[in-house]
Amino acid sequence: MFYRENGQFKTGYGADQQMLPILQDRMLMAALLAFAFVGVPYLISDYLFLAILIPFLILTVAAIGLNLLVGYCGQISLGHAAFMSVGAYAAYNLALRIPQLNFLVVLLLAGLIAAAVGMIFGIPSLRIKGLYLAVATLAAQFFMDWLFARVKWFTNYASSGSVSTAPIEMFGWRIDTPVHKYLFLLGVLVVCTLAAKNLVRSHVGRAWMATRDMDVAAEVIGIRPVYAKLTAFAVSSFYVGVAGALWGFVHLGSWEPLAFNLSLSLNLLFMIIIGGMGSLLGSYFGAAFIVALPILLNQIPLRLGIPLSTAMAAHLESMIFGALIVFFLIVEPRGLARLWAIAKEKLRIWPFPH
């Protein structure tokens, strides 16, 4: 009853093309951002920051990157954790060998290096697609795992193969507490989301979606598949590379090559399938689900007096992921984001049937 757009007239091109055309959506978004930046730091404990919010923010950046490739351009990838590892090790070596660089510059350069590597592994997409492309991107995962485990230069010749990072400091701001990490990551996520939203509404995003729907027809109307596919791989790998650098520096602090294994690649794919492919909001939903499910599986049985072993919880997690993926592929292929959109559509006409 309160979610109406009666009387909200668009009198210019800017109003017609704005990201949130309904006033109630703009007010809700402003309230959410204000609460996220101002309210959450005073209400949430350090444990919730470290266990839920910080992983959620970083994985959302990675899920947005993968969604741009799979959801918007239709190019399947099973090895995006490899590009996360490229971003993490690129940021580590840049910060180690050029210590005077600001961390934001390190973050951008790590993303650009990951974008270049992503374009190299995206070249097979010009000739193959579908499951064949998925296998080709899977090769990136195995190659990067081997490269960072065997070439000792990337780990600064550490005997254990693991690397450690110092706390982030930029513009006199030392990011070493959970609240500071959260605020920094939230700012990065907001910028990445705005950039992705404007990108998918531009001619580049329309070229991606036309290639996804029917690449032959897109080529007939003047869209170059080479340009569309390679730019999708580049932008997607940039986002994932930035997420990898944040995952290593902000969340882990120290890591080894197995931190970016095939399991992480599959989890990224699960995020956009469950959350909704071709939807930035679905990236948020999917990341929240992936982060919250293991914690819920540990906490709920304990509250009910049913203790579960670690192995049993891991098996249940895999079973639930598999069941939900099958459910969403059959019932609602566009995931949780589509269910949210349906709820909003029904709210706009409630309590009337038309």
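Within segment 77-123, restricting attention to residues that are of a type in the set (S, T, N, Q) and under 15 Å from Pro257 (Cβ atoms), which residue is surrounded by the fewest Cβ atoms within 10 Å (Cβ to Cβ)?
Here is the first cut: in segment 77-123, the ones of a type in the set (S, T, N, Q) are 77, 85, 93, 100, 102.
Adding the requirement that they be under 15 Å from Pro257 (Cβ atoms) leaves 85, 93.
On the way: Ser85: 30, Asn93: 18.
Here the residue is Asn93.
Report yes if Leu69 is within 16 Å of the chain's Cα centre (by Cα), part of a loop (DSSP other than H, G, I, E, B), crowded, with 18+ Cβ neighbours inside 10 Å and aliphatic (A, V, I, L, M), otherwise no.
Values: within 16 Å of the chain's Cα centre (by Cα): yes; part of a loop (DSSP other than H, G, I, E, B): no; crowded, with 18+ Cβ neighbours inside 10 Å: yes; aliphatic (A, V, I, L, M): yes.
No; evaluated as a whole, the condition is false for this residue.
Checking the condition surrounded by fewer than 19 Cβ atoms within 10 Å (Cβ to Cβ) and closer than 30 Å to Arg174 by Cα, which residue from Ile300, Ile295, Ile349 passes? Don't jump to the end; show me each part of the working.
On the way: Ile300 fails: closer than 30 Å to Arg174 by Cα; Ile349 fails: closer than 30 Å to Arg174 by Cα.
None of the others qualify; the one that does is Ile295.
Out of the residues in segment 303-315 that are in a helix (DSSP H, G or I) and aliphatic (A, V, I, L, M), which is surrounded by the fewest Cβ atoms within 10 Å (Cβ to Cβ)? Walk me through how you get there before you give the answer.
Keep residues of segment 303-315 that are in a helix (DSSP H, G or I), which gives 303, 310-315.
Retained after the next criterion (residues that are aliphatic (A, V, I, L, M)): 311-314.
Working: Ala311: 8, Met312: 12, Ala313: 16, Ala314: 13.
Selected residue: Ala311.
Please determine, by comparing only the residues of segment 190-238 that are part of a loop (DSSP other than H, G, I, E, B) and free of Cβ contacts under 8 Å to residues at least 24 places away in the same chain, which one is nearest to Thr60 (Cα to Cα). If you could, list the steps in order and put the result at the bottom.
First pass over segment 190-238, keeping only residues part of a loop (DSSP other than H, G, I, E, B): 201-202, 214, 221-224.
Of the ones still in play, those that are also free of Cβ contacts under 8 Å to residues at least 24 places away in the same chain are 202, 214, 221-224.
On the way: Ser202: 22, Met214: 28, Ile221: 34, Gly222: 33, Ile223: 30, Arg224: 29 Å.
The selected residue is Ser202.
Have a look at Met277, Met271, Met319 and point out the one that is assigned to a helix (DSSP H, G or I) and either within 22 Å of Leu138 (Cα to Cα) or touching a Leu at 6+ places or on another chain (Cβ under 6 Å) (or both). I'd like the intermediate steps shown before the answer.
On the way: Met277 fails: assigned to a helix (DSSP H, G or I); Met319 fails: either within 22 Å of Leu138 (Cα to Cα) or touching a Leu at 6+ places or on another chain (Cβ under 6 Å) (or both).
Residue meeting the stated conditions: Met271.
Restricting attention to segment 304-354, report how many residues are of a type in the set (Lys, Arg) and without any contact (Cβ under 8 Å) to a residue 60 or more places away in the chain.
2
Give the residue, chosen from Ala62, Ala82, Ala134, that is part of a helix (DSSP H, G or I), closer than 20 Å to Ser236 by Cα and either at pLDDT 95 or above or in contact with a Pro (Cβ under 8 Å, 6 or more places away or on another chain) (or both). So that I can check it myself, show each step before the final result.
Values: Ala82 fails: either at pLDDT 95 or above or in contact with a Pro (Cβ under 8 Å, 6 or more places away or on another chain) (or both); Ala134 fails: either at pLDDT 95 or above or in contact with a Pro (Cβ under 8 Å, 6 or more places away or on another chain) (or both).
Just a single option satisfies the conditions, and that option is Ala62.
The values are calculated or read from the model by the stated rules, or taken from the named source; none is laboratory data. Please read these numbers as outputs of a predicted model, since none were measured by experiment. All Cβ positions, glycine included, derive from the backbone under ideal geometry; neighbour counts span all protein chains shown.
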